[in-house]
């Protein structure tokens, strides 16, 4: 197959020299970096192969780290060197502002296709009038729970953090007495990285504590509700949550939950299809609801999600953009939604029967996905990563009981002032 | 001295320089140039993009002192609680405890390996295994061993009745840095043992025979004869390890949650340059790290010499 493709490519290239090739110069190798969490890679490989078969081009995959903080570091180094090794890259929802100098404007390649996608995400990906990335899938934090265990203890899915704490304690203690020594109440992402910022924004926001920095650029994190939210989260560590969550990312939390050793888990929708896989010990026992509310707050889910963009330094911008348009098309998004529970960014797919039957919670949680809380990336611009790092470190400090919520948010306010270096963020 | 010899000496000096020149040139290129660039960037406000486009400004000592410098002595929370202060404390804590433990264990291992017993060559090869595994691999391996939920370490300690609940070795701030020290000791003790063993094997046998004839207690022989004789080699081994430990990065980055509780100076430099895009500020931290390592080396050599003259 590869040999044939290569031969065909060679022939086509020689024709190309004679000017006999159409819009699609076949035989080009495009390098793409997809994700590495869950099934990201398998899905990306499959869709890439389909595109190759269609166009005669070759797709090469670049493996990247799991943690989004590490991926950003890698891309920044490649961009600083103006590396041509990477053509198509996955872009976190908080990055378009950070990477704007290095991404190709896709407006002329999209030909209006972006209008099918959620307008908020398209707006997020448009910087200075340029469409820098196409929405690939969207994300929002959700609460996974064990239907079978809650039924056994006559409990229902919690709507407040206090209920979650009580239910988790009851079920965990009961199960441990029954011989399940490794049972945990609640697992989430509390390693000091971007994932903790997502969890922290949810806690603070659900307690009515604002969003670290408000839309005018004012630093709002130093308030009693935010402190209370962090203190509440800290009270879970060592009680309903194992101390080890302090070093957990998405996959570590999923490992514990999917093994059947946790009652609740905070994670992204991707974990759904994996928990329903044939080899999953919790298959058919899992429910998904919106995250709980805090005192005096409302439910909040952090907006996540990934986009696909083309590097400005790519040697094959046309083919790369074509691959991006293919991967973000309704057909590929539908397939990914059905088999991988990746949330589509095309509103119409939320009414699709096949999508809904594979992911029953997509319909119920539609409002959660559309109304998810964005991290303060737009307002803090190029300094977002540093703001986020300061926040995740402050949160980690409270969770590991080295400071109280009130002390930590006060210190964080001072630190954020230092990062801003003046009255404005940019 | 006659003019002839001095001419010969001059000739010899000249050819020595000619033969050394390629080495010096390569050294200047691979070590001097990056170091010079780092020091240069520490006086600028460069970002990763700005390096490529050469659009950065000189800012003097702003990256070193004052509100936005690495030495922010007026920080609200106190200098030692700033991220850089924490990084310095973590690095020194790690270096001190791991090097001391490695040295002591290394001496013990070397003495055992120096003794004559059956299968000695096999044991000698076997102890080298931890040193042969790349740090990144052993760090990941130990991260799994120390995992709080399914790590074998908790399982073993629990079945032995030493602990009654799983401990999050790499996540709990009380244990995280010590877990890293433990893995570093595991990895580097063979290196120390080997260097010390080499020194032990060079020892003259006559003073041991004399001591034996005089009926001196072996412990006394060890401290009065063996230790002074292997002292120079021991000092070299310790300085090798110390310099290595002061620039620790990979083992901490892979094993721990990488919060400020365990960040090392090199980790801080990476975070500022790569994650936060402050090439200037990160270079300043990197330069300070270089100066600290240099100062430690000088201080150490001075101290070691004082001891040797006793």
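The values are calculated or read from the model by the stated rules, or taken from the named source; none is laboratory data. Predicted model only: the values in this text are computed from it and were never measured. Heads up, the Cβs are rebuilt from the backbone with ideal geometry, glycines too, and the neighbour counts pull from every protein chain shown.
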Problem set entry | Unmet criterion (only one of (1) part of a helix (DSSP H, G or I); (2) within 27 Å of residue B:85 (Cα to Cα)) for residue B:67 | (1)
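Is it fair to say residue A:216 is touching a residue at least 60 places away in the same chain (Cβ under 8 Å), within 14 Å of another protein chain (Cβ to nearest Cβ) and assigned to a loop (DSSP other than H, G, I, E, B)? So that I can check it myself, show each step before the final result.
Values: touching a residue at least 60 places away in the same chain (Cβ under 8 Å): yes; within 14 Å of another protein chain (Cβ to nearest Cβ): no; assigned to a loop (DSSP other than H, G, I, E, B): yes.
Answer is no for this residue.
Select, from B:35, B:24, the only residue that is exposed (fewer than 12 other Cβ atoms within 10 Å of the Cβ), more than 14 Å from chain A (Cβ to nearest Cβ) and either on the phi > 0 side of the Ramachandran plot or within 30 Å of the chain's Cα centre (by Cα) (or both). Quick ask: steps written out before the conclusion?
Numbers: B:35 fails: exposed (fewer than 12 other Cβ atoms within 10 Å of the Cβ).
Answer to the selection: B:24.
Looking at the range B:147-166, is at least one residue buried (at least 21 other Cβ atoms within 10 Å of the Cβ), part of a loop (DSSP other than H, G, I, E, B), within 14 Å of chain A (Cβ to nearest Cβ) and within 26 Å of the chain's Cα centre (by Cα)? Spell out how you get there, then give the answer.
Going through the range B:147-166, the residues buried (at least 21 other Cβ atoms within 10 Å of the Cβ) turn out to be B:147-148, B:151, B:154, B:166.
Checking the rest, the ones that are also part of a loop (DSSP other than H, G, I, E, B) come to B:147-148, B:151, B:166.
Those still in the list that are within 14 Å of chain A (Cβ to nearest Cβ) too: B:147-148, B:151, B:166.
Then keep just the ones that are within 26 Å of the chain's Cα centre (by Cα); that gives B:147.
Checking the range B:147-166: at least one residue is buried (at least 21 other Cβ atoms within 10 Å of the Cβ), part of a loop (DSSP other than H, G, I, E, B), within 14 Å of chain A (Cβ to nearest Cβ) and within 26 Å of the chain's Cα centre (by Cα).
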Seminar exercise, completed: Going through (1) surrounded by fewer than 21 Cβ atoms within 10 Å (Cβ to Cβ); (2) over 17 Å from residue A:303 (Cα atoms) one by one, residue A:386 fails only at (1)
For this session: Return yes or no: is residue B:196 touching a helix residue (DSSP H, G or I) at 6+ places or on another chain (Cβ under 8 Å) and modelled with pLDDT under 90?
Result: no
Seminar exercise, completed: Considering the range A:389-414, residues that are free of Cβ contacts under 8 Å to residues at least 40 places away in the same chain, within 9 Å of chain B (Cβ to nearest Cβ) and more than 25 Å from the chain's Cα centre (by Cα), and then whichever is surrounded by the most Cβ atoms within 10 Å (Cβ to Cβ), we arrive at A:411
Problem set entry | Condition met for residue B:97 (more than 14 Å from chain A (Cβ to nearest Cβ), within 20 Å of residue B:285 (Cβ to Cβ), assigned to a helix (DSSP H, G or I) and out of contact with any strand residue (DSSP E or B) (no Cβ under 7 Å at 6 or more places or on another chain)) | no
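What residue, of A:279, A:322, A:352, is farther than 24 Å from residue A:186 by Cα and without any contact (Cβ under 8 Å) to a residue 24 or more places away in the chain? Quick ask: steps written out before the conclusion?
Values: A:279 fails: farther than 24 Å from residue A:186 by Cα; A:322 fails: without any contact (Cβ under 8 Å) to a residue 24 or more places away in the chain.
Answer to the check: A:352.
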For this session: Could you please let me know if residue A:185 is surrounded by fewer than 19 Cβ atoms within 10 Å (Cβ to Cβ) and in contact (Cβ under 8 Å) with a residue 60 or more places away in the chain?
Result: no
For this session: Filter the range A:71-81 for residues that are out of contact with any helix residue (DSSP H, G or I) (no Cβ under 6 Å at 6 or more places or on another chain), facing another protein chain (nearest Cβ under 9 Å) and farther than 22 Å from residue A:316 by Cα and give the result.
Result: A:72
For this session: Could you check how many residues of the range A:39-65 are in a loop (DSSP other than H, G, I, E, B), within 21 Å of the chain's Cα centre (by Cα) and under 21 Å from residue A:133 (Cβ atoms)?
Result: 4
Seminar exercise, completed: Checking B:159, B:138 in turn, the sole residue that is over 24 Å from residue A:397 (Cα atoms) and free of Cβ contacts under 8 Å to residues at least 40 places away in the same chain turns out to be B:159
Exercise. Residue check: is residue B:131 in contact (Cβ under 8 Å) with a residue 12 or more places away in the chain and surrounded by fewer than 21 Cβ atoms within 10 Å (Cβ to Cβ)?
Worked result: yes
For this session: Mind counting the residues in the range A:330-357 that are over 26 Å from residue A:69 (Cα atoms), within 19 Å of the chain's Cα centre (by Cα) and not in a helix (DSSP H, G or I)?
Result: 1
Problem set entry | Residue count, the range A:176-196 (criterion: out of contact with any strand residue (DSSP E or B) (no Cβ under 8 Å at 6 or more places or on another chain) and in a helix (DSSP H, G or I)) | 4
Exercise. Can you find a residue in the range B:94-107 that is farther than 25 Å from residue B:264 by Cα, surrounded by 12 or more Cβ atoms within 10 Å (Cβ to Cβ), touching a helix residue (DSSP H, G or I) at 6+ places or on another chain (Cβ under 8 Å) and at pLDDT 90 or above?
Worked result: yes
Problem set entry | Number of positions in the range B:227-284 that are over 21 Å from the mean Cα position of the chain (by Cα), assigned to a helix (DSSP H, G or I) and crowded, with 23+ Cβ neighbours inside 10 Å | 5
Exercise. Only one of (1) more than 14 Å from chain B (Cβ to nearest Cβ); (2) modelled with pLDDT under 95; (3) buried (at least 24 other Cβ atoms within 10 Å of the Cβ); (4) out of contact with any strand residue (DSSP E or B) (no Cβ under 9 Å at 6 or more places or on another chain) fails for residue A:229. Which number is that?
Worked result: (2)
Problem set entry | Every residue from the range A:232-264 that is assigned to a helix (DSSP H, G or I), touching a helix residue (DSSP H, G or I) at 6+ places or on another chain (Cβ under 8 Å), within 13 Å of chain B (Cβ to nearest Cβ) and under 15 Å from residue A:143 (Cα atoms) | A:253, A:254, A:257, A:258
Exercise. When residues of the range B:171-184 are filtered for being buried (at least 21 other Cβ atoms within 10 Å of the Cβ), within 12 Å of another protein chain (Cβ to nearest Cβ) and either more than 19 Å from residue A:188 (Cβ to Cβ) or at pLDDT 90 or above (or both), how many remain?
Worked result: 2
Exercise. Is at least one residue of the range A:154-174 over 23 Å from residue A:291 (Cα atoms), at pLDDT 95 or above and in a helix (DSSP H, G or I)?
Worked result: yes
